[in-house]
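Below is one structure, written out as structure tokens; comments come after it.
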Amino acid sequence: EFIYNQRMLDTLKDFTKDADLNLQLAVQCQHLQRWKIARTLFPMDKPGYFQWRKAVMASQLAITAKTLQSQGIEEADIADITAILSKKGKEADVRAQIIEDVACIVFVQWYLEDFAAQHDFDKVVDIVRKTIKKMSSEGLVAVQIKPLSLYVTKVLGAL
């Protein structure tokens, strides 16, 4: 979690030079204790996956609010940060899209190859297609200039 957090923050700083403090805090909380709720507690189908994601999001938002409160962050800022994380109004709040882009860039650069080792090639290509759909044009440009493994380059070439 610490390494992921650092990669998110470093990628945010590379991606946008003018990230406000709330965006920096949100990007650091984006994956907070995601492991706390096991995926296996939910049905291993698509509806179960979405149930798990919803439960993880609710947990992450509660942990984020509690952590930020303990650090003396103002309630208005906590509300702003949790709104960014919940992706409400993603089209209206560019910061929610920035976090989406940063998370996708980090996934492709650092985690896609390990993920791919657990799945067949066609499934990996499908996942990358879905990842790309979440990204802005700026995010797509940014991921292309990152150093990527030969395997990840092959996956991207199959799109």
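The value obtained for the chain, namely the Cα convex hull volume divided by the number of residues, is 123 Å³ per residue.
Classify segment 40-96 from the C-alpha gyration tensor, please: rounded if a/c falls under 1.5, else prolate or oblate depending on whether a/b exceeds b/c. Oblate is the answer for segment 40-96, as a/c is 1.5 or above yet b/c matches or exceeds a/b. A 1.4 Å probe run over the chain, with the rest of the protein chains in place, finds 60 Å² accessible per residue.
Across the accessible surface of segment 17-159, with the other protein chains kept in place and a 1.4 Å probe, carbon and sulfur atoms take up 58 percent.
A simple spin-label model places the labels of Q69 and A117 4.1 nm from each other, with each point 7 Å out along Cα-to-Cβ. Backbone geometry of segment 136-143 corresponds, through the Karplus equation with coefficients 6.51, -1.76 and 1.60 at θ = phi - 60°, to 3J(HN,Hα) couplings of 7, 4, 5, x, 5, 5, 4, 5 Hz, x marking Gly and Pro. Each part reduced to its alpha carbon centroid, segment 97-148 and segment 1-43 end up 15 Å apart. FRET efficiency for the K54 to A76 pair, using the beta carbon distance and R₀ = 22 Å, is estimated at 0.30. The phi torsions of segment 71-78, fed into the Karplus equation with coefficients 6.51, -1.76 and 1.60 and a -60° offset, translate into couplings of 9, x, 6, 4, 4, 5, 5, 4 Hz, rounded to whole numbers, with Gly and Pro shown as x. Here segment 1-124 is assigned +1 on the Cβ of each Lys and Arg and -1 on the Cβ of each Asp and Glu. Its dipole about the Cα centre then comes out at about 460 debye. Pairs of C-alpha atoms in segment 1-95 farther apart than 21 Å represent 38 percent of all such pairs.
Compared with the direct C-alpha span, the chain from I145 to E1 gains 49.4 nm at full extension, assuming 0.36 nm per residue.
The GluC sites (Glu not before Pro) of segment 35-128 that DSSP puts in a loop, and whose beta carbon has at most 11 other beta carbons within 10 Å, are E74, E91.
The values are calculated or read from the model by the stated rules, or taken from the named source; none is laboratory data. The structure displayed is predicted, hence computed values, not measured ones. Note that each Cβ is placed from the backbone with ideal geometry, even for glycine, and that neighbours are counted across all protein chains shown. The accessibility values were calculated without ligands, DNA or RNA, using every heavy atom of the protein model including side chains. Shrake-Rupley method; radii C 1.70, N 1.55, O 1.52, S 1.80 Å.
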